[in-house]
1. If you scan the range 61-70, which residues turn out to be without any contact (Cβ under 8 Å) to a residue 12 or more places away in the chain and not in a loop (DSSP other than H, G, I, E, B)?
2. Find the residue count for the range 105-134, including only residues that are open to solvent by less than 70 Å² (accessible area, probe 1.4 Å) and touching a residue at least 24 places away in the same chain (Cβ under 8 Å).
3. Here is a check on your reading of the model: is Ala153 small (Gly, Ala, Ser) and crowded, with 18+ Cβ neighbours inside 10 Å?
4. Which is assigned to a loop (DSSP other than H, G, I, E, B) and either of a type in the set (S, T, N, Q) or without any contact (Cβ under 8 Å) to a residue 60 or more places away in the chain (or both), of Lys137, Lys168?
5. Does Arg187 meet the test of being basic (Lys, Arg) and closer than 19 Å to Tyr5 by Cα?
6. Any idea which of Val159, Val190 is touching a Cys at 6+ places or on another chain (Cβ under 7 Å) and surrounded by 13 or more Cβ atoms within 10 Å (Cβ to Cβ)?
7. Taking into account only those residues within the range 171-187 that are open to solvent by 50 Å² or more (accessible area, probe 1.4 Å) and not in a loop (DSSP other than H, G, I, E, B), which is farthest from Tyr144 (Cα to Cα)?
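The values are calculated or read from the model by the stated rules, or taken from the named source; none is laboratory data. Treat the numbers as computed from the prediction; the structure is a model and nothing was measured. All Cβ positions, glycine included, derive from the backbone under ideal geometry; neighbour counts span all protein chains shown. SASA here: full protein model, heavy atoms, side chains in, ligands and nucleic acids out. Shrake-Rupley method; radii C 1.70, N 1.55, O 1.52, S 1.80 Å.
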Amino acid sequence: MKLFYAPGACSQAPHIAIQEMGLHVELVKVDLVKHTLADGSDYLAVNPKGYVPLLELDDGTRITEVSVILQYLADLKPGTLAPVFGTMERWRLMEWLAFIASEVHKGFSPLWRPVTPPEVRERTVQGLGNRFTLIAKTLGVQPYLAGEEFTVADAYLFVILNWSGLLKVNLSPWPALGAFQARVAARPAVQATLRAEGLAR
């Protein structure tokens, strides 16, 4: 398999899952500004959507969208990083993945744009704060989103919350989120992912 990624992007979530599961996957770095690969070839020819992640299977099949890739990877070893498909626990995990994707991940979008007006930025941060409050209620009583065990949803949330520092979003009002970030960051697989992406030594 190949994982097309960019350091620190949401593609880091499946990269973490790959490390957690001990899978052998070839990493292919993407320049998201130029939409090129390391050899100068056009990434849009690989993925017309133009963004990461993209997972290419050994038979050439390509899968996009982070929440889908995370579940595909988790189901390679059922019950490890996601509850077995068809159980209520799995539906709850999928609920978290959808919430992170639509309400948190996309909620950050305006903050990446230098031309975003200050009043739009303020409303965006307020909206994210509402989502953070909801998430913090769960993480205030259990270590991970689904309970006691780390799942692909935690990998996804960790990566997106890490954008807060870069985008100057203050997480201190939600200490449960800070504790969660520290807990996940300490995992050996997460450390290995950060090193592989050139984001840690």
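1. Ile63, Val68
2. 9
3. Considered against the rule, which asks whether it is small (Gly, Ala, Ser) and crowded, with 18+ Cβ neighbours inside 10 Å, Ala153 comes out as yes.
4. Checking each option against the conditions leaves just Lys168.
5. No.
6. Just one listed residue meets the conditions, Val159.
7. Here the residue is Pro175.
Yes/no matrix, rows are residues, columns are (1) open to solvent by 50 Å² or more (accessible area, probe 1.4 Å); (2) aliphatic (A, V, I, L, M); (3) part of a helix (DSSP H, G or I):
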site	(1), (2), (3)
Lys49	yes, no, no
Asp59	yes, no, no
Tyr72	yes, no, yes
Ala82	no, yes, no
Glu89	yes, no, yes
